[in-house]
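The values are calculated or read from the model by the stated rules, or taken from the named source; none is laboratory data. Values in this document were obtained by computation on a predicted structure and should not be read as measured data. Here the Cβ is made from the backbone with ideal geometry for all residues, glycine too, and neighbour counts use every protein chain on show.
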Amino acid sequence: MDLSNLQPAVGSNKDRKRIGRGPGSGYGGTSTRGHKGAKSRSGYKHKVGFEGGQMPLQRRVPKFGFKNFNRVEYKAINLNVLEDLATAKNLSKITVADLLAAGLVSKNQLVKVLGNGALTRALEVEANAFSKKAEEAIVAAGGTVTKK
């Protein structure tokens, strides 16, 4: 075997469909476009969502709801996650930078601590927001809460 007798795998190369080259080719006449109608004409271009004159879906379905542009999105971190992180890295103070280093949040995300789970150690926790339950649990365990 050498480069002179290499061939592509059987069926991997297909011939191009030569349309509009007479009836003998099998693709003459209508050139695979069917008979009549807008789609058979040259220069045909449909609008996005066009349904052949039928009322398009985006106009049939009513509008509802709204986007609140004042909404603030937080990344939720539960107490049990803070407990696990503090145990694994032997921390007494947890900041947003620690959560970022652990891969729990991205650099531009705001952090909100939620009250799912329990704390067994006193932790100083720094975050952008806290739920009431989380704040109470951290203080009850002897820790402190700092809002950034």
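Restricting attention to the range 90-112, the residues being of a type outside the set (Val, Ile, Thr) and in a loop (DSSP other than H, G, I, E, B) number 10. What are the residues in the range 124-148 that are surrounded by 14 or more Cβ atoms within 10 Å (Cβ to Cβ) and touching an Asp or Glu at 6+ places or on another chain (Cβ under 8 Å), if any? Residues satisfying the conditions are 143, 145. Residues that are modelled with pLDDT under 95, small (Gly, Ala, Ser), in contact with a helix residue (DSSP H, G or I) (Cβ under 9 Å, 6 or more places away or on another chain) and within 30 Å of residue 36 (Cβ to Cβ) occur in the range 52-62; there is at least one. The set of residues in the range 23-76 being of a type in the set (A, V, I, L, M, F, W, C), within 32 Å of the chain's Cα centre (by Cα) and farther than 30 Å from residue 127 by Cα consists of 48, 50, 55, 57, 61, 64. The set of residues from the range 1-52 being surrounded by fewer than 10 Cβ atoms within 10 Å (Cβ to Cβ) and among the polar types (S, T, N, Q) comprises 4, 5, 7, 12, 13, 42.
Checked against the criterion of being out of contact with any Phe, Trp or Tyr (no Cβ under 6 Å at 6 or more places or on another chain), in a helix (DSSP H, G or I) and closer than 16 Å to residue 85 by Cβ, the range 117-131 has no qualifying residue.
For beta carbons closer than 6 Å, sequence separation of 6+ or different chains, a first residue in the range 102-113 that is closer than 19 Å to residue 135 by Cβ and a second that is outside any strand (DSSP E or B) and polar (S, T, N, Q), the qualifying pairs are 110/128; 111/128.
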